[in-house]
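The values are calculated or read from the model by the stated rules, or taken from the named source; none is laboratory data. What you see is a predicted model, and the numbers here were worked out from it, not measured in a lab. So basically every Cβ, Gly included, is an ideal-geometry build from the backbone, and we count neighbours across all protein chains shown.
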């Protein structure tokens, strides 16, 4: 009976500990898949690369790392791009590798002229309209993909449903409450092509748009302590995803789709904050060691002014348009194991650190930022811990705001959602109730074991008395 008592206690403790770890853990594992380095070259017959990641489900995160094939900077990696914003219609340089993915594969799109100018390259940090530590323009490079499956990540503290989005005027802007009460450490916006299982990732700013016949696209997103804002192109010329002319023979463009938002809190994370302006340094130390094969580097730009003040936007991996007249925006970065390089538009000039024009999101919340704050996070992998001071908030999806009004009316709707979220504190109650139920199970198990042990002891005493008689 004592052995049974010990077993019940042990099983109860293990079950409760496993439950607590699942609910409260905020650690991340190494990527499930890291592809070998693949040599690629722009303007050749091989304009796409397919890699099998073997998740068997939609990945939690996909990351491309692009490095020069030769030279002094092969240890600095640029990220991939969620959608192209250029085609080959104008004779100006553009760069980057665009990607999409599904449950089994990642497909990379390499610049290749279709019926226009062969001006696309792979690594490009801009011309006279951009400033940075070095100038890079490379048609040849090496690329690899890192893929984290859902099981490699902790449970998100917020996850939306799949929500409709299109490049129509009325369907091109969303504002969705995540109810975290603080800025999430990581937010992903995945765009699913209608009728398929192909996904792309959101972007953080827009470049100058070409002629009316040009192909461009992308879904811009930003987030603050309470909401995620989504901007899609609000004209038929712009798409949710584009890898059309100038990206080989793929002719990829999506006008309609679904989006899913996920947000995480991170335990083992290093943070660096840096003011961005015309005089800021373009090469800075990370003050930590970033393992490029296992860790996650998150680079975001925080708007300090304008309609989107306080919102975070992801930085980019290549200059997509090197204009000297038309407005454009973005911050490009590359990173080594200990250093971050950034390229920003020259100011004064037509470029901005963050730029969202009236061509996006039905003209709601446009943005032109010449100053901002750079936020750098290194998410260390394979070092897991159970926090004791923070209860993650498990939130249900708030219906999206599909706005056609002015920014002020959308703000009033956001304010109403904030009041609703403040009036309901269910996010904290849910894990507390479930955790309390687990504790009750443990106590009940202990009581039952104790009763059985006492009954067995009583029976043994009675048997001994009978033997003595």
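Among the residues of segment 103-123, how many are within 27 Å of the chain's Cα centre (by Cα) and in a strand (DSSP E or B)? Final tally of qualifying residues: 7.
Confirm whether residue 16 is in contact with a helix residue (DSSP H, G or I) (Cβ under 8 Å, 6 or more places away or on another chain) and at pLDDT below 95. The answer is yes for residue 16. Inclusion of residue 188 among residues that are touching a residue at least 24 places away in the same chain (Cβ under 8 Å) and more than 14 Å from the chain's Cα centre (by Cα) is not warranted.
Criterion applied to 126, 195, 181, 202 was being under 22 Å from the mean Cα position of the chain (by Cα) and at positive phi, and the one residue passing it is 181. For residue 266, the test of being surrounded by 16 or more Cβ atoms within 10 Å (Cβ to Cβ), assigned to a loop (DSSP other than H, G, I, E, B) and touching a strand residue (DSSP E or B) at 6+ places or on another chain (Cβ under 9 Å) is passed.
Residue-wise test of (1) touching a residue at least 12 places away in the same chain (Cβ under 8 Å); (2) surrounded by 13 or more Cβ atoms within 10 Å (Cβ to Cβ); (3) touching a strand residue (DSSP E or B) at 6+ places or on another chain (Cβ under 7 Å).
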{"site": "29", "(1), (2), (3)": "yes, yes, no"}
{"site": "33", "(1), (2), (3)": "yes, yes, yes"}
{"site": "36", "(1), (2), (3)": "yes, no, yes"}
{"site": "47", "(1), (2), (3)": "yes, yes, yes"}
{"site": "63", "(1), (2), (3)": "yes, yes, yes"}
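The rows are residues; the columns are (1) at negative phi; (2) surrounded by 20 or more Cβ atoms within 10 Å (Cβ to Cβ); (3) assigned by TED's automatic domain parsing to the domain that holds residue 89; (4) under 18 Å from the mean Cα position of the chain (by Cα).
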{"site": "251", "(1), (2), (3), (4)": "no, no, yes, no"}
{"site": "284", "(1), (2), (3), (4)": "yes, no, yes, no"}
{"site": "288", "(1), (2), (3), (4)": "yes, no, yes, no"}
{"site": "295", "(1), (2), (3), (4)": "yes, yes, yes, yes"}
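Please state which one of 101, 94 is closer than 23 Å to residue 296 by Cα, in contact (Cβ under 8 Å) with a residue 60 or more places away in the chain, assigned by TED's automatic domain parsing to the domain that holds residue 140 and in contact with a strand residue (DSSP E or B) (Cβ under 8 Å, 6 or more places away or on another chain). Criteria check complete, one pass: 101. When the test is whether a residue is over 17 Å from the mean Cα position of the chain (by Cα), more than 16 Å from residue 241 (Cβ to Cβ) and either outside the structural domain of residue 148 (by TED's automatic domain parsing) or without any contact (Cβ under 8 Å) to a residue 40 or more places away in the chain (or both), residue 75 does not pass it. Of the residues making up segment 132-154, just one is in a strand (DSSP E or B), crowded, with 18+ Cβ neighbours inside 10 Å and more than 26 Å from the chain's Cα centre (by Cα), namely 138.
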